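Encoded as structure tokens, the structure appears first; notes follow it.
The values are calculated or read from the model by the stated rules, or taken from the named source; none is laboratory data. Values in this document were obtained by computation on a predicted structure and should not be read as measured data. Using ideal geometry, Cβ is built from the backbone for each residue, glycine included, and neighbour counts are taken over all protein chains shown. Side chains included, ligands, DNA and RNA excluded: accessible areas come from the protein's heavy atoms. Shrake-Rupley method; radii C 1.70, N 1.55, O 1.52, S 1.80 Å.
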Amino acid sequence: MRVRDLPLSAALVSHYESNGIEELYPPQAAAVEAGVAAGGRVVAAIPTASGKTFIAELAMLTADGPALYIVPLRALAREKYETFDQLPGVSVGISTGDFDAAEEELGDHDIVVATSEKVDSAIRNGAPWVERLACVVVDEVHLLGAPGRGPTLEVTLSTLQRRVPDLQLVALSATVDNPEAIADWLDAELVESAWRPVSLRTGVYADESVEFDDGTDLDVVVPPTGPNDDEATEATVALVEDAVETGGQCLAFVRSRREAEALADRLADEDLSPAPALGDELDELGGTATGRQLSECARTGVGFHHAGLRSAHRVAVENAFRDRRLAVICATPTLAAGVNVPARRVVIRDQKRYTGDAMEWIPVLDVHQMCGRAGRPHLDPFGEAVLVGDADTKAELFDRYVTADAEAVDSQFADPEALRTHVLSVVASGFADSLDGVADVFSATYYAHQNPNVDLAELVAEVVSDLEAMELLDVTGETLSATTLGAQTSRQYVSPTTGARIVSGIRTIETMADDRVTARTALEVVCDTPDMHDTYLGNQERAQMYQYARSHAAEFTTAMHDADPFEEWLTAVKTARILHEWTEGSDIEELVERYRIGPGDVESRVERAEWLLGAADALCAALDADVPEFREVRALLSP
DNA sequence: CAGTTATGATTATAGACAGCATGTC
DNA sequence: CTATAATCATAACTG
């Protein structure tokens, strides 16, 4: 099947042809046969880089009206926005929390790219453009099974289906174990394929040799390891070097941030692919210890990438790799889920990760996503993914990751926190006003589809009493209605637990003497919510943080003997303290040094605090209370 | 005894969505 | 429970 045979305008056809796209890839052709270009609903469970974007574009361009493209990450939203913006005669908009086009303009675009939370929020707040959509494409639908964020996605999709009856839905999924369940739920045709434009061989390393799934082998010379050398690391170094020496780029995945940096340092010794200019450019992005370490590695062609990096650094590393200025990136699993960064070879040194109480195997899906980064279309003759193991683990790694299917996608909607959030939002946005009404709205969720025998009304009833106790919901007879607080909580997009915590904080503040209410008070309230991620409190710091908490006890809304659990509260105090010092003019470098967190962590906490302080201010208005500190601190956070 | 090394104990561990209203080169 | 590397504290040891 050829592009020119598709129902596309001449301008589009020539756009594709000038980009070398003339003949459709088999999965793309299958999607066309399933009806993507004719308004049909399709779920495509196919590998990364096998042309998903083109399938999405086909659906959106042939749809009879505006289209929405839903992504899980802001960075992906930007990437897709730029891709779609290249299409001739197509106007593209973008809407994410940190980057928003004006609301009324959104409806005027042919394509809008947005994160799933942003779409959920737009639906809750009755954005008019939602009703006019003709086509919705969901990228990475398998995240339906992600705890925390999966429920938002399923509620969003089920609501979209209900609100826009003739909507064309197209869902793009990684290869998972039960794509038919997703297709069935969305009433869509399933297109499944393992085809890739660049062949990929996956293998396991052990004893100086890699055995691949296609029967081929690769011998690797690993210099004898000294007493201080780690065998897996030295094998990884050898595999990376080999890839670079034969003209390819390489991604190396490890377990923790520190190990990503350590591996990059180790590889920097080999001086694989000098790039001194890149080092200078990175130095200009600002100097934290992490930043300087990054620029030093980069001079030798090696970068590292993890969430502790400031986002400017992360983007710089991604771009440098895409431009082939970096030969290697040592990364934590972030990189596998993010923007498109393909490489000739992918080396996965660690397959286990510490989860809090045990060492656990990384999900098969995550490992497959990492492997899927191997092979650059048009640039590499093939891609290679290597799991580093040893003689003892080789067979197990093969079974578990190379030949095995990824996990099934299961709904996480029954999680009480998720249920509370969505029950409140359904009632607050006026979609239902009774137990049965809410249950009816939820009957279209993936959860209901997967669990047909569960009594949804019963499930809803369990959390309705929580929400009532939190004063977010009123129950009068059979009728449910959101309180002013509940409405504001939903609109501000904070979780019910966060809303209730802020409200109780505001009430306590009103009983406090004026001179006790300070910036620390405001920060303690917002940091002590589940929507603010906590900051690791080391044992070394603990005693000193305890002292800090004691000496400022009068300023906090939580009495120390009431804090429960105390350790979590102390963690919140640490976050509040960091943010407080930030407002007092400390720069990232000082904070990173003093509190042992990454520059990127400071950045993300500041961003979240801005959002939560805004929500606190809105809740103040709903309570008819006045706590100017929320506004004042917020103003100090952004420079 | 002072300084050095060996041994054992402790510590820490991936990621990241959302509101809203002004001001600015 | 199924980990491991880096760091820290203390004990053992050497000259």
## Note on the structure
Residue span residue A:440 to residue A:29: 0.36 nm per residue of separation minus Cα-Cα distance leaves a gain in nm of 144.2 nm
#### Entry: Computed FRET value (nearest 0.05) for residue A:378 with residue A:163, which takes r as the C-beta separation and R₀ as 35 Å
0.30
### Query
Relative to a virtual label point 7 Å from the Cα of residue A:231 in the Cα→beta-carbon direction, which members of the range A:378-405 show backbone nitrogen distances below 15 Å?
A:388-397
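Could you sort A:352-362, A:82-92 so that the peptide with the highest average Cβ count within 10 Å comes first and the rest follow in order? If you can, show how the numbers build up before the last one.
Values: A:352-362: 11.1, A:82-92: 15.4.
With the highest mean Cβ count within 10 Å placed first, the list reads A:82-92, A:352-362.
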### Ranked by how many other beta carbons lie within 10 Å on average, peptides A:493-499, A:120-126, A:342-348, A:163-169 from highest
A:342-348, A:493-499, A:120-126, A:163-169
### Message
Please list 3J(HN,Hα) in residue order for the range A:133-148, calculated via the Karplus relation 6.51 cos²θ - 1.76 cosθ + 1.60 where θ = phi - 60°; whole Hz, with x for glycine and proline.
### Response
5, 9, 8, 10, 10, 10, 8, 6, 4, 4, 5, 3, x, 7, x, x
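Grab chain A and count how many Lys pairs have their alpha-carbon atoms under 27 Å apart, sequence gap of 8 or more, or different chains. Mind dumping the intermediate values first?
Values: A:52/A:80; A:52/A:118; A:80/A:118; A:352/A:394.
Pairs that pass both the separation and distance tests number 4.
Rounded to the nearest 500 deg cm²/dmol, what is the calculated helix-only ellipticity per residue at 222 nm for chain A, with -39500 (n - 2.57) per DSSP H run of length n ≥ 4? Kindly include the intermediate steps, with their values, before the conclusion.
On the way: 28 runs with 294 residues, N = 639.
Helix-only estimate at 222 nm: -13500 deg cm²/dmol.
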### Task
Determine the gain in length on full extension of the stretch residue A:319-residue A:99; use 0.36 nm per residue of separation and subtract their C-alpha separation, reporting nm with one decimal.
77.2 nm
### DSSP bridge pairs, chain A: antiparallel proportion in percent, nearest 5
25
### Message
For residue A:191, what residues show an amide H to amide H distance below 5 Å, using hydrogens built from the backbone and excluding near sequence neighbours?
### Response
A:43, A:44, A:45
### Task
Starting with the highest mean, order A:49-60, A:500-511, A:17-28 by the number of other Cβ atoms within 10 Å, averaged over the residues of each peptide.
A:49-60, A:500-511, A:17-28
### Task
With a length cut of 24 Å (Cα positions projected on each helix's long axis) and a Kyte-Doolittle mean of at least -1.0, go through chain A and give me the DSSP H helices that pass.
A:566-583, A:599-623
### Query
At what distance in nm do the modelled label points of residue A:258 and residue A:511 sit from each other, each positioned 7 Å from its Cα along Cα→Cβ?
4.3
### Message
Just to confirm my numbers, what's the Cα centroid distance between the range A:333-410 and the range A:190-225 in Å?
### Response
11
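For the pair residue A:414 and residue A:479, what calculated FRET efficiency results from E = 1/(1 + (r/R0)^6), where r is the Cβ-Cβ distance and R0 = 25 Å, to the nearest 0.05?
My answer for the efficiency is 0.50.
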### Query
Classify chain A: rounded, prolate or oblate, from the alpha-carbon gyration tensor (a ≥ b ≥ c, eigenvalue square roots; a/c under 1.5 rounded; otherwise prolate if a/b is larger than b/c)?
oblate
### Task
Measure off, as a whole percent, the carbon and sulfur share of the 1.4 Å-probe accessible area of the range A:230-356, all protein chains present.
46
